[in-house]
1. Looking at the range 50-71, which of its residues are β-branched (Val, Ile, Thr), surrounded by 14 or more Cβ atoms within 10 Å (Cβ to Cβ) and modelled with pLDDT of 95 or more?
2. Looking at the structure I just gave you, is residue 217 more than 19 Å from the chain's Cα centre (by Cα), assigned by TED's automatic domain parsing to the domain that holds residue 51 and either surrounded by 15 or more Cβ atoms within 10 Å (Cβ to Cβ) or within 14 Å of residue 254 (Cα to Cα) (or both)?
3. I'm trying to understand the selection: among the residues of the range 220-237, which are over 17 Å from the mean Cα position of the chain (by Cα) and under 25 Å from residue 48 (Cα atoms)?
4. Just one of 231, 224, 238 is among the hydrophobic types (A, V, I, L, M, F, W, C), surrounded by 17 or more Cβ atoms within 10 Å (Cβ to Cβ), part of a loop (DSSP other than H, G, I, E, B) and in contact (Cβ under 8 Å) with a residue 40 or more places away in the chain; which is it?
5. For the range 22-37, does any single residue satisfy the condition of being in a strand (DSSP E or B), over 30 Å from residue 212 (Cα atoms), modelled with pLDDT of 85 or more and in contact with a Phe, Trp or Tyr (Cβ under 9 Å, 6 or more places away or on another chain)?
Amino acid sequence: MKRRFGIIIMVFVALLVYAAAWAEEENRLTRDEVTVVKKKLVAILSSLGDAPKGYVKEREDFNLPTQFYKDSNSGKIRPVYASASQRFGGGAEKKTKKSEKEMGEYYKKKMLEAQAKGDMQEMMRLSQEMQMKAGQAGLEQMEAEKKEPIEVRVNFNSNPSQTIDPDNVVFEKPGVIALRFKEGEEGKVRIDIYFDPVSLKDTKTLSVVDLKMPKDGVEKKTAVLNAAVNVSGPANEVEAWIKKIDAKAALSQIDAAR
């Protein structure tokens, strides 16, 4: 009897595992659906415009959804989560490698040409010129290394609840609000920019950023109901940069329908 009961339990567990695996397979997003979400992330990042002068993009990462889940009561889809991040710096490493390689190849060729002609005077001139340019490249590298990095992050379909300090509002428009926060070291800030044409329809009346999600889910698997952009780094660079954001372009990536 005990043995029979044990077999029944094992079969039941196996069925549960199979059902879970089947459900996971059924809930997978297609490649095209993931592409829709990624394009929206890229569009939000692009709305920031060019990075501050002297900064180059050093890293970019995407956290893309692969599955969707349904609300057990309504049968609708819970909004998928997605994010992207970028890091900007002076590009010291890239500049060094590129300049060293280009300079090395150029002067190697010129030295060989002068050597083949037996032109010692030209070889001396090339040697002095190469040393001078190497020193200049070293100075440029030092300047690039001095730049404090700027970090950017975009989140889709998050549910933040942030008190609005009137003194920390950088800018606001219908559907958009940007808030400033001190970030660690002196002279560094984090600016959070929220996009939601429904929850932030009239920011002047709000004391809290509360990007609420529909309780019963949405119809579209790729629906993006809100976006939160966080930019942190040197205050003077970050604030000047985010004030140039194309808020209209960013908002166009949000699905207003709930």
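The values are calculated or read from the model by the stated rules, or taken from the named source; none is laboratory data. Every value quoted in this text rests on a predicted model; they were computed, and no experiment measured them. Ideal geometry is used to build each Cβ from the backbone, glycine not excepted, and the neighbour counts take in all protein chains shown.
1. First pass over the range 50-71, keeping only residues β-branched (Val, Ile, Thr): 56, 66.
Remaining after also requiring surrounded by 14 or more Cβ atoms within 10 Å (Cβ to Cβ): 56.
None - no residue of the range 50-71 is β-branched (Val, Ile, Thr), surrounded by 14 or more Cβ atoms within 10 Å (Cβ to Cβ) and modelled with pLDDT of 95 or more, so the list stays empty.
2. Numbers: more than 19 Å from the chain's Cα centre (by Cα): yes; assigned by TED's automatic domain parsing to the domain that holds residue 51: yes; either surrounded by 15 or more Cβ atoms within 10 Å (Cβ to Cβ) or within 14 Å of residue 254 (Cα to Cα) (or both): yes.
Answer is yes for this residue.
3. Taking the range 220-237 and keeping what is over 17 Å from the mean Cα position of the chain (by Cα), we get 220-223, 225, 234-237.
Once the filter is applied, which keeps residues that are over 17 Å from the mean Cα position of the chain (by Cα) and under 25 Å from residue 48 (Cα atoms), the range 220-237 yields 222, 223, 225, 234, 235, 236, 237.
4. Working: 231 fails: part of a loop (DSSP other than H, G, I, E, B); 238 fails: part of a loop (DSSP other than H, G, I, E, B).
Just a single option satisfies the conditions, and that option is 224.
5. Of the range 22-37, the ones in a strand (DSSP E or B) are 28.
Narrowing further to those that are over 30 Å from residue 212 (Cα atoms): none.
No, every residue in the range 22-37 fails to be in a strand (DSSP E or B), over 30 Å from residue 212 (Cα atoms), modelled with pLDDT of 85 or more and in contact with a Phe, Trp or Tyr (Cβ under 9 Å, 6 or more places away or on another chain).
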